[in-house]
Amino acid sequence: MAKAVLENTVSDNVEIRFGSEVISRNYSAQQILSTTFDENIYAGFAEAEAYANKHLVAKAGARVEYSSLNGKGGIDPRLSVAYKPGNKGQFSFAYGRFRQSADNQYLRLNNDLNSEKAEHFIVNYQVINNNRTLRVEAYYKKYYNLVKFYNGDANVPISTGNGYARGVEFFWRDNRTFKNVDYWVSYSFLDTQRDYLAFPNPAMPSFASKHNFSFVYKHFITPLKSQLGITYSLTSGRPYYDPNAEKFNGTLTPYYQDVSANVSYLPRNWLIIYASCTNLLGRNNIFGYDYATTPDANGVYASRAVRQAASRFMFVGVFITISKNKSVNQLPNL
């Protein structure tokens with residue numbers, strides 16, 4: 001991979017950037033038959049950033065890309081606008097088209113697959129004040145040229161799949177209200193469907209869940225040079241394919257719940273002794289189901305729940321920070 005970027009300040013209010021990028025890769029797999037292919041991706045990009053005043057800034061640009069594997073290319077425009085009405089909050093809007101090559105496991109079967117594309121629309125509001133952060137975001141994403149199995153045959157991938165995702169996200173963080181306490185709350189709602197791979201019709205994929213909530217609490221105990229952390233996570237059920245049901249991916253797993261805790265001890269500012277434990281309540285979460293390949297005498301496919309490997313997971317570690325700044329360590333990331 002090689003990349004070059006040039007920047008130029010046209011005026012106090014306008015900056016431009018442009019450059020080029022080359023990505024070269026080779027894929028080789030030895031299975032029943034040896035498979036190999038080479039792909040070179042050539043790209044050029046340019047963008048301009050303009051400040052209308054201290055409250056409004058816009059950035060616009062485009063990326064041109066060409067793949068030697070399928071002999072196809074395209075132009076992907078990008079645009080973002082940020083507006084700051086006062087000294088604290090900021091509204092922003094972003095639009096962009098993005099692409100990436102299909103996975104190697106599909107390209108080895110069909111070198112002519114198109115690049116998978118995504119089109120993003122994002123609206124965001126964020127305010128940071130007195131060590132408190134509030135962020136609200138809404139988005140809509142459209143997917144094109146996803147890999148789809150022709151007539152359900154995994155050996156014949158084509159680029160006719162599509163999908164969408166839309167949702168909202170909320171984030172609040174506060175490390176000022178309570179002494180020696182840092183906490184944050186996040187929630188997201190997701191509505192998504194895809195028609196790709198072996199899907200017989202558009203459906204919500206099994207990796208997605210509609211509702212996701214988390215609460216993180218950190219308390220620094222100064223006399224003990226220690227930090228106590230607690231995390232609570234709650235996720236609504238994920239869809240899965242039940243061959244006994246009429247609707248594809250129309251059945252949901254039970255909701256996922258986890259309460260975890262950790263403690264950090266700082267005998268020195270650059271030395272942290274850390275211990276954590278997940279799933280303190282021992283909830284037996286279910287991540288999906290495996291089904292028999294053939295039905296029984298009653299025409300029912302037997303199933304087995306896919307659960308976590310262990311009820312709890314414990315970790316103990318030592319973190320050493322090597323830096324000229326003796327006040328820097330990894331505690332904020334633990």
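The values are calculated or read from the model by the stated rules, or taken from the named source; none is laboratory data. All values reported here derive from a predicted model rather than from experimental measurement. Quick reminder, even Gly has a Cβ in these numbers, built from the backbone with ideal geometry, and neighbours come from all protein chains shown. Accessible surface is based on the protein model in full, side chains and every heavy atom, while ligands, DNA and RNA are left aside. Shrake-Rupley method; radii C 1.70, N 1.55, O 1.52, S 1.80 Å.
Largest first, the residues I272, I122 sort by 1.4 Å accessible area into I122, I272. If the label point is 7 Å along Cα→Cβ of L331, which residues in segment 274-293 have backbone nitrogen under 19 Å from it? Within reach of a label on L331, which here means backbone N under 19 Å from a point 7 Å along Cα→Cβ, segment 274-293 contributes 274-276. As a fraction of the 1.4 Å probe accessible area of the chain, surface on carbon and sulfur atoms comes out at 56 percent.
Could you sort the peptides 275-281, 299-305 by per-residue average Cβ neighbour count (10 Å cutoff), highest mean leading?
Details: 275-281: 15.3, 299-305: 11.9.
Going from most to least packed, we get 275-281, 299-305.
Counting heavy atoms of the protein chains alone, W184 has an accessible area of about 50 Å² for a 1.4 Å probe.
Where the convex hull is taken over the Cα atoms of segment 125-225, what is its projected area averaged over directions, in nm²? Walk me through the numbers on the way to the answer.
Numbers: hull surface 37.9 nm².
Result: 9.5 nm².
Sorting 314-324, 130-140 by their mean Cβ neighbour count within 10 Å, with the most densely packed peptide first, gives 130-140, 314-324. Around the Cα centre of segment 162-237, unit charges on the Cβ atoms of Lys, Arg, Asp and Glu (plus for the first two, minus for the last two) sum to a dipole of about 320 debye. Between I16 and V123, the FRET efficiency from the beta-carbon distance, with R0 = 25 Å, is close to 0.45.
If DNA, RNA and ligands are ignored and the probe is 1.4 Å, what is the ranking of H120, H211 by accessible area, most exposed first?
Details: H120 40, H211 80 Å².
Sorted descending by solvent-accessible area, the residues read H211, H120.
Each principal axis of segment 60-123 carries a Cα extent, and these read 55, 21, 12 Å when sorted largest first. With 25 Å as the limit, the listed pairs K179/K225; K3/K141; K3/K59; K72/K142; K88/K141; K117/K148 have K3/K141; K88/K141 beyond it between alpha carbons.
Peptides 64-73, 159-168 ranked from most to least packed give 159-168, 64-73, packing being the mean of other C-beta atoms within 10 angstrom over each peptide's residues. The helix-based estimate of mean residue ellipticity at 222 nm for the chain, built from -39,500 (n - 2.57) per DSSP H run of four or more residues and divided by its residue count, is 0 deg cm²/dmol to the nearest 500.
The 1.4 Å probe gives accessible areas that order E21, E15, largest first, as E15, E21. In whole percent, what relative contact order does segment 247-295 give with Cα contacts below 8 Å and a gap of six or more residues? Once normalised by length, the contact order is 38 percent. Under the convention that each Lys and Arg Cβ holds +1 and each Asp and Glu Cβ holds -1, the size of the dipole of the chain around its Cα centre is about 1380 debye. Positive-end ranking of N53, G299, L271 along the dipole of the chain, with charges on Cβ about the Cα centre, is headed by L271.
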